[in-house]
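Enquirer: After the structure tokens below, expect a handful of questions from me.
The values are calculated or read from the model by the stated rules, or taken from the named source; none is laboratory data. Treat the numbers as computed from the prediction; the structure is a model and nothing was measured. Counting neighbours? That spans all protein chains shown, and the Cβs are built from the backbone with ideal geometry, glycine included.
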Amino acid sequence: MKRLDRITNRFAARAAAIGGAALLACGIGELLSPQHSQSRVVGVSGHLILGFFALGCIAVAPTFVVLAHRVSSKSARYAGAAAFAGTLLLGLTSITSLVNGTDLGLFNLLAPITNAGWFVGSLVLCVALLRAKRLPAALAIGLVVAYVAAIPLATLGGGLIAGVYFVTLAYRVLGDSRSHDVATIATIVAA
């Protein structure tokens, strides 16, 4: 847990912007070239979609830890760590599917655990943020909505919703609050 405390707002903002952009690309890919196979990666578009998904999961993971720092409760810290681990491990295990072109037994074993970490962690963190009034209600609730969009609604282009959420979070909450222009996002991503 101590190492997670070293994640800064600036790093999380950059990562959330990159992850949000990747999830947006994943959602667009799903809308343009739906993947009907749940366990096989089909064609170049399937590889791109899964690659963007993996990058999105890995990149948004630090967001949960930084949001948990806004609330001074142990449950929020554990929830942030659970969501961090869930998204990070889901992204990493998705890479095995990307490389092999199909889900390995390892993925089928770990995916429910990583999804549970992401979902339950997001839900507990959402409640903690709402109670402490440390984040606007829509953005706190967005943590859970982003999970639902990215996982259960993925084949319907849900990555669009999750992507917009994380880019918005990077821009409005985690990023440089002194400047609220479009250049901020470009600066966060480029720096």
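One line per residue, one yes/no per condition, for (1) touching a Phe, Trp or Tyr at 6+ places or on another chain (Cβ under 9 Å); (2) in a helix (DSSP H, G or I):
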site: VAL124; (1), (2): yes, yes
site: LEU135; (1), (2): no, no
site: ALA138; (1), (2): no, yes
site: VAL145; (1), (2): yes, yes
site: ALA162; (1), (2): yes, yes
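Enquirer: Looking only at the stretch 1-24, which residues are closer than 17 Å to THR155 by Cα and either modelled with pLDDT under 95 or basic (Lys, Arg) (or both)?
Expert: Within the stretch 1-24, no residue meets the criteria.
Enquirer: Return the pair list, or none, for Cβ contacts closer than 6 Å from residues in the stretch 2-20 that are touching a residue at least 12 places away in the same chain (Cβ under 8 Å) to residues that are of a type in the set (Asp, Glu) and surrounded by fewer than 21 Cβ atoms within 10 Å (Cβ to Cβ), at least 6 apart or on different chains.
Expert: As it stands, the answer is none, since no pair meets every condition given.
Enquirer: Follow-up. Regarding PHE53, is this residue among the hydrophobic types (A, V, I, L, M, F, W, C) and closer than 20 Å to VAL144 by Cβ?
Expert: yes
Enquirer: Test of understanding: among THR184, THR93, which residue is assigned to a helix (DSSP H, G or I), touching an Asp or Glu at 6+ places or on another chain (Cβ under 7 Å) and either modelled with pLDDT of 90 or more or crowded, with 18+ Cβ neighbours inside 10 Å (or both)?
Expert: Exactly one of THR184, THR93 is assigned to a helix (DSSP H, G or I), touching an Asp or Glu at 6+ places or on another chain (Cβ under 7 Å) and either modelled with pLDDT of 90 or more or crowded, with 18+ Cβ neighbours inside 10 Å (or both), namely THR184.
Enquirer: Continuing with the same structure: Just give me the residues in the stretch 151-170 being small (Gly, Ala, Ser) and either modelled with pLDDT of 95 or more or surrounded by fewer than 24 Cβ atoms within 10 Å (Cβ to Cβ) (or both), in sequence order.
Expert: ALA154, GLY157, GLY158, ALA162, GLY163
Enquirer: Do the conditions hold for SER73, that is, is it in contact (Cβ under 8 Å) with a residue 24 or more places away in the chain and either among the aliphatic types (A, V, I, L, M) or crowded, with 17+ Cβ neighbours inside 10 Å (or both)?
Expert: no
Enquirer: Then there's this: What pairs come up if the first residue lies in the stretch 129-155 and is over 14 Å from LEU90 (Cβ atoms) and touching a residue at least 12 places away in the same chain (Cβ under 8 Å), the second is of a type in the set (Lys, Arg) and part of a helix (DSSP H, G or I), and their beta carbons are under 7 Å apart, counting only those six or more places apart or on different chains?
Expert: Pairs found: none.
Enquirer: Here is a check on your reading of the model: is ALA146 at pLDDT below 95, in contact with a helix residue (DSSP H, G or I) (Cβ under 6 Å, 6 or more places away or on another chain) and within 25 Å of HIS69 (Cα to Cα)?
Expert: no
Enquirer: Okay, moving on. How do the pairs read when you match residues in the stretch 91-119 that are on the phi < 0 side of the Ramachandran plot with residues anywhere that are in a loop (DSSP other than H, G, I, E, B) and hydrophobic (A, V, I, L, M, F, W, C), using Cβ under 8 Å and keeping only pairs 6 or more apart or on different chains?
Expert: Every condition considered, the pairs that remain are THR96/LEU104; SER97/VAL41; SER97/LEU104; LEU98/VAL41; THR102/VAL41; ASN115/ILE151; TRP118/ILE151; PHE119/ILE151.
Enquirer: May I pose another question? Looking only at residues in the stretch 31-86 that are of a type outside the set (Gly, Ala, Ser) and assigned to a loop (DSSP other than H, G, I, E, B), which one is modelled with the lowest pLDDT?
Expert: Filtering the stretch 31-86 for residues that are of a type outside the set (Gly, Ala, Ser) and assigned to a loop (DSSP other than H, G, I, E, B), the one modelled with the lowest pLDDT comes out as HIS36.
Enquirer: Turning to a different aspect of this structure: So ILE49 passes all but one of these: (1) over 13 Å from the mean Cα position of the chain (by Cα); (2) surrounded by fewer than 21 Cβ atoms within 10 Å (Cβ to Cβ). Which condition number does it fail?
Expert: Failing condition for ILE49: (2).
Enquirer: Can you work out which of the residues in the stretch 1-24 that are within 23 Å of SER73 (Cβ to Cβ) and basic (Lys, Arg) is surrounded by the fewest Cβ atoms within 10 Å (Cβ to Cβ)?
Expert: For the stretch 1-24, the residue satisfying everything is LYS2.
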